[in-house]
Structures are given as structure tokens and as C-alpha cells.
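The values are calculated or read from the model by the stated rules, or taken from the named source; none is laboratory data. Fair warning: this is a prediction, and the values are worked out from it, not measured in the lab. Cβ placement follows ideal geometry from the backbone for every residue including glycine, while neighbour counts extend to all protein chains displayed. These accessible areas exclude ligands, DNA and RNA; they are computed on the full protein's heavy atoms, side chains included. Shrake-Rupley method; radii C 1.70, N 1.55, O 1.52, S 1.80 Å.
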Amino acid sequence: MNDANASRRAEDVSRELILITGISGSGKSVALHALEDAGYFCVDNLPPELLREYMRLDHPRYTERVAIAVDARAARSLPALVPLIFELRSEGVTIRPLFLDASTDTLVRRFSETRRPHPLSQPDAAGGTHHALIEAIELERLLLAELREVSTVIDTSTLRPAGLRQQVRNLVEARHDRLTLVFESFAFKYGVPLDADYVFDVRMLPNPYYVRALRPLSGRDAPVAQFLAEQPEAGEMLDQIEAFLRRWLPALATDQRAYVTVAIGCTGGQHRSVYIVEQLRERFVDHGATLTRHRELDAID
């Protein structure tokens with residue numbers, strides 16, 4: 001019996017599980033399809049209670065690279081996933097929870113377009129209360145709050161399906177033997193990204209928007225980069241953000257985190273925040289595991 005357990009533990013070490021959860025309507029099906037295309041064996045709507053038994057299956061096809069999606073139809077049992085995640089990790093399973101989220105306005109629009117009911121809007125078999133759509137969304141957020149805290153969050157509010165598929169592929173392909181830094185630019189006028197762990201405001205920097213020749217360009221273009229590189233405030237801002245991250249990266253890496261998203265915001269998400277993100281990527285090239293996103297530019301592209 002002990003030999004069998006040891007053998008099973010040795011098998012577990014090579015297993016990788018991507019656990020996809022999140023708010024209903026945030027794009028879990030799209031994410032699952034992206035992982036299927038990347039070579040993962042995918043399972044949709046597996047009840048959380050069966051997750052451990054599923055990972056004990058002997059066939060390599062079902063255990064080596066697996067992606068499992070769980071949605072609000074099992075919402076009341078989802079909080080039990082949090083201790084299970086840590087238990088599986090202690091047993092040698094590489095488990096990487098991804099939590100998809102979106103703004104309430106976006107979710108309401110998506111449900112209105114598809115005309116599908118929210119899973120928590122209907123009374124359950126026990127005769128529970130009927131909830132209006134917004135109430136159901138907020139109830140789901142409450143039920144999943146603890147699970148969200150231990151997951152890598154992807155904000156899909158402004159993402160098209162192709163953009164979401166790319167982000168999911170980028171995250172799962174990143175090295176998972178060390179903390180991955182995600183630098184994301186955004187526009188404050190469209191709201192702070194829901195997936196941000198740290199937010200830095202760079203709106204006090206000189207704005208290339210007011211230089212007519214630079215207005216149609218972005219922070220990825222050389223003329224804008226040169227303009228901002230010549231501003232002492234931009235260099236000081238970069239130095240301070242870099243110093244903060246390097247001070248706390250070791251602690252974050254020992255906190256069971258796989259990813260940390262650093263969001264950089266300016267007014268329009270086109271010039272200053274994009275430039276700062278690109279510069280941070282270069283400054284942390286020695287870190288080895290970095291990703292960049294430009295929320296507003298990617299939405300246009």
C-alpha cells in the first residue's frame with residue numbers, strides 16, 4: 001500500500017491542472033477552448049466535489065495537462081475549492097487557478113445580448129429565492145470572493161474573444177517555476193482593471209497628447225518614447241516603481257503567487273501608461289518571466 005502511494009505521488013509531480021473559474025458571462029468557455037487548442041485535456045462544468053477523484057484517474061490523458069472549468073451552477077460548493085487547491089499542491093500537483101471577471105455593466109450587456117439567464121437568477125431545487133440579474137451577479141461575486149483571492153484574475157470587460165484566447169495562452173505558457181510579472185497599461189477614464197494587484201497613476205507626467213505631432217501615436221512609437229524619456233519626472237517615476245517591485249518581489253514569490261499584475265494608468269491609456277509599461281518590461285528583463293498588456297490599445301487592435 002505504501003509503495004502504491006509513493007508511486008502515485010511520483011506521478012502527481014508531473015501533473016498540471018489549470019482551474020478556470022470566475023463570474024458567469026466572463027468568458028470561461030472561450031478560455032477553455034484556448035487551452036484545448038494548446039493541447040490541454042479539457043473538462044467543462046466538473047462538480048468541485050469530483051475534482052480530487054478526477055485527478056486520481058490513472059490514464060495520462062486525463063491527468064498530465066488538464067484544464068477544468070467550474071461555473072456558478074456549482075457556486076455554493078466553489079468555496080470548498082480553496083482548501084482543496086492547497087491540498088493538491090501539497091501532494092505535488094501543479095495547480096494554477098485562473099479567475100475570469102468583468103464589470104457588472106459588461107456582464108449585464110452580455111446576458112442581455114445572449115438572452116440567457118444567469119445561473120443564480122433562478123430558484124434552486126430547494127425552492128430558493130428568485131434573483132434579478134444584477135442581484136445574481138453580486139451574489140456570485142460574494143460566493144467567489146475567497147476563490148478570487150487565490151487565483152490569477154483576468155479582466156475580460158474590454159476583451160474580444162481573440163484577445164482573451166491570447167491572454168490565456170500567454171499566461172499558461174509563461175514559466176510557472178517563478179513569479180510572473182504582468183505589466184498592464186490602462187485609461188482611468190474607462191476604469192481601473194479588475195485584475196490589478198498594484199495600480200500606479202502616471203497622469204502627473206507631461207502628456208504627449210498635447211503635442212500635435214504625437215497625438216495620433218502611442219507610447220510604443222519612438223517619437224513618444226523620446227519625448228517622455230526627456231522628461232525627468234518620467235525617469236523618476238520609473239525608478240520608484242522599479243525600486244518598489246524589486247523590494248517586494250521576493251516576499252510575493254514566497255506567498256504562493258504565480259502572477260502579479262502591475263497596472264499603470266494615465267488619462268487615455270495611449271501614451272504615458274504605455275511608455276511606462278514598455279520601459280518596465282525592459283528593466284525587468286533579468287526577471288525572466290514578464291508579460292505586457294495594453295488594455296486600450298489591444299481593444300482597438
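General remarks:
- Summarising the amide proton neighbourhood of T261: residues at separation of 5 or more, or on other chains, whose placed amide H is nearer than 5 Å comprise V182, D197, Y198.
- Taken per residue, the accessible surface of the chain reaches 50 Å², heavy atoms only and a 1.4 Å probe.
- Under 5 Å from the amide H of G22 lie the amide H atoms of L100, each residue being 5 or more positions distant or on a separate chain, with H modelled from the backbone and absent for Pro and chain starts.
- Sequence-distant residues sharing a close amide H with T290 (under 5 Å, placed H): L181
- Extension gain, I134-A162: 0.36 nm per intervening residue step, less the Cα-Cα distance, totals 7.4 nm.
- The calculated FRET efficiency for V199 paired with A222, based on their beta-carbon distance and R0 = 25 Å, is about 0.35.
- Heavy-atom accessible surface of the chain: percent carbon and sulfur, 1.4 Å: 52
- For the pair Q231 and A251, a Förster radius of 30 Å applied to the C-beta separation gives a FRET efficiency near 0.45, rounded to the nearest 0.05.
- Put simply, the convex hull of the Cα atoms in region 130-264 casts, on average, a shadow of 11.1 nm².
- The slack in the chain from A145 to R178, taken as 0.36 nm per residue of separation less the alpha-carbon distance, amounts to 9.4 nm.
- Read-out mean projected area of the Cα convex hull in nm², derived from the coordinates shown; its label in (i) 17.9; (ii) 20.4; (iii) 16.2: (i)
- Contour minus Cα-Cα distance for S90 and E282 (0.36 nm per residue): 65.6 nm
- Positive contributions from Lys and Arg (+1) and negative ones from Asp and Glu (-1), summed over other residues with Cβ under 13 Å from the Cβ of L214, come out at +2.
- Karplus-derived 3J(HN,Hα) values for region 136-148, using 6.51 cos²θ - 1.76 cosθ + 1.60 with θ = phi - 60°, are 5, 5, 5, 5, 5, 4, 5, 5, 9, 4, 5, 5, 4 Hz; glycine and proline are entered as x.
- Converting phi to 3J(HN,Hα) with the Karplus coefficients 6.51, -1.76 and 1.60 and the offset θ = phi - 60°, region 152-169 yields 7, 9, 10, 8, 9, 4, 10, 8, 7, x, 5, x, 5, 4, 5, 5, 5, 4 Hz in sequence order, with x at every glycine or proline.
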